[in-house]
Amino acid sequence: MIESDSVLAIGAILAVIAMLYSSVGHGGASGYIAVLALLNVVPDVIRPVALSLNVVVAGFATYRFAKAGFIEWRSALPIILASMPLAFLGGGIALPVEIYRPLLGGLLVFSALYLLWQTSRSQTRFDVVSRKIPLLGSVGAGAGIGFLSGLTGIGGGVLLSPLFLISGWAGARQTAGIAAVFILANSVAGLAGNYVVLRSIPYEILPWSGMVLVGSFIGTSLGVRILPVKPLIWLLAVAAMISGVKFLFL
């Protein structure tokens with residue numbers, strides 16, 4: 001059990017993470033995991049907390065981006081339907097830490113550097129309203145990233161978003177909207193599976209959920225209405241870089 005003062009202090013940090021990640025449609029699970037692990041919170045608390053907060057933040061982000069018209073459900077549904085069973089399958093596989101952490105960390109860092117390089121050259125590539133996403137491409141992306149999501153315990157948004165932007169399948173805000181739905185669906189499935197095993201939910205989730213909801217409100221307001229496209233891409237790159245460094249070195 002965590003002391004009351006520590007619960008509030010940790011919650012404030014988690015709220016800042018939620019603000020950053022939700023501005024690009026992400027739930028922030030990788031950030032929550034990194035903070036809680038650094039604070040030596042026990043693993044039985046970390047995973048359900050990260051998944052629960054992911055559901056809160058990604059759920060609110062889904063609502064905000066959908067209300068603003070940035071989610072194309074025809075594009076999102078094939079990705080979600082392909083990802084959920086593969087996320088379940090990946091969750092049942094235990095790879096050695098020395099294999100999957102460097103692999104995923106390197107991929108995230110590469111994605112972050114690529115996005116920063118592209119935005120330093122030109123903003124126009126990411127500043128598009130919408131493009132038709134190939135069905136096979138979306139199903140393949142959903143299945144592959146869903147599998148990695150289950151395998152590693154992250155929501156998958158930090159992999160999905162760079163792929164969409166690099167492939168030119170959607171603009172920055174459309175990508176954020178689809179990522180929010182994707183993360184919400186996979187986090188709900190992961191949380192349900194976790195509850196079946198543990199049969200309990202840490203009490204810290206209640207105050208932290210309220211605090212990250214406030215962070216999500218601020219972050220989604222920035223992402224939906226205020227920030228221009230280039231800062232959104234920078235924030236996404238920062239999110240991917242933080243996650244990659246976590247997997248490589250923490």
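Scan segment 18-30 residue by residue and report those that are at pLDDT 80 or above and part of a helix (DSSP H, G or I).
At the first step, the residues of segment 18-30 found to be at pLDDT 80 or above are 18-23, 25-29.
Across segment 18-30, the qualifying residues are ALA18, MET19, LEU20, TYR21, SER22, ALA29.
Considering segment 59-89 alone, what residues qualify as being at pLDDT below 90 and under 23 Å from TYR195 (Cβ atoms)?
Passing the criteria: ALA61, MET84, PRO85, LEU86, ALA87, PHE88, LEU89.
Based on this model, can you work out whether ILE201 counts as of a type in the set (A, V, I, L, M), under 16 Å from the mean Cα position of the chain (by Cα) and at pLDDT below 75?
Considered against the rule, which asks whether it is of a type in the set (A, V, I, L, M), under 16 Å from the mean Cα position of the chain (by Cα) and at pLDDT below 75, ILE201 comes out as no.
Please work out if TRP208 is assigned to a loop (DSSP other than H, G, I, E, B), under 26 Å from PHE88 (Cβ atoms) and modelled with pLDDT of 80 or more.
no
Looking at this structure, is ARG121 among the basic types (Lys, Arg), loosely packed, with under 15 Cβ neighbours inside 10 Å, at pLDDT 75 or above and over 15 Å from the mean Cα position of the chain (by Cα)? Walk me through how you get there before you give the answer.
Values: among the basic types (Lys, Arg): yes; loosely packed, with under 15 Cβ neighbours inside 10 Å: yes; at pLDDT 75 or above: no; over 15 Å from the mean Cα position of the chain (by Cα): yes.
No, not satisfied.
Being among the β-branched types (Val, Ile, Thr) and surrounded by fewer than 17 Cβ atoms within 10 Å (Cβ to Cβ) is the filter here, so list the residues in segment 206-216 that pass it.
Of everything in segment 206-216, just one residue is among the β-branched types (Val, Ile, Thr) and surrounded by fewer than 17 Cβ atoms within 10 Å (Cβ to Cβ), namely VAL214.
Counting only residues that are touching a residue at least 12 places away in the same chain (Cβ under 8 Å) and on the phi > 0 side of the Ramachandran plot, how many does segment 25-68 have?
2
Among the residues of segment 138-147, is any touching a Phe, Trp or Tyr at 6+ places or on another chain (Cβ under 6 Å) and under 24 Å from LEU20 (Cα atoms)?
The answer is no; no qualifying residue exists.
Just the residues that are buried (at least 24 other Cβ atoms within 10 Å of the Cβ) and at pLDDT 80 or above, please, taken from segment 141-155.
Applying the first criterion (buried (at least 24 other Cβ atoms within 10 Å of the Cβ)) to segment 141-155 yields 141-142, 145-146, 149-150, 154-155.
If the condition is that a residue be buried (at least 24 other Cβ atoms within 10 Å of the Cβ) and at pLDDT 80 or above, then ALA141, GLY142, ILE145, GLY146 are the ones that fit.
Considering every residue within segment 32-42, establish whether at least one is at pLDDT below 90, surrounded by fewer than 23 Cβ atoms within 10 Å (Cβ to Cβ) and within 14 Å of the chain's Cα centre (by Cα).
yes
The values are calculated or read from the model by the stated rules, or taken from the named source; none is laboratory data. Everything numeric here is computed off the predicted structure, so don't read it as measured data. Positions of Cβ are generated from backbone atoms using ideal geometry, with glycine treated the same way; all protein chains shown enter the neighbour counts.
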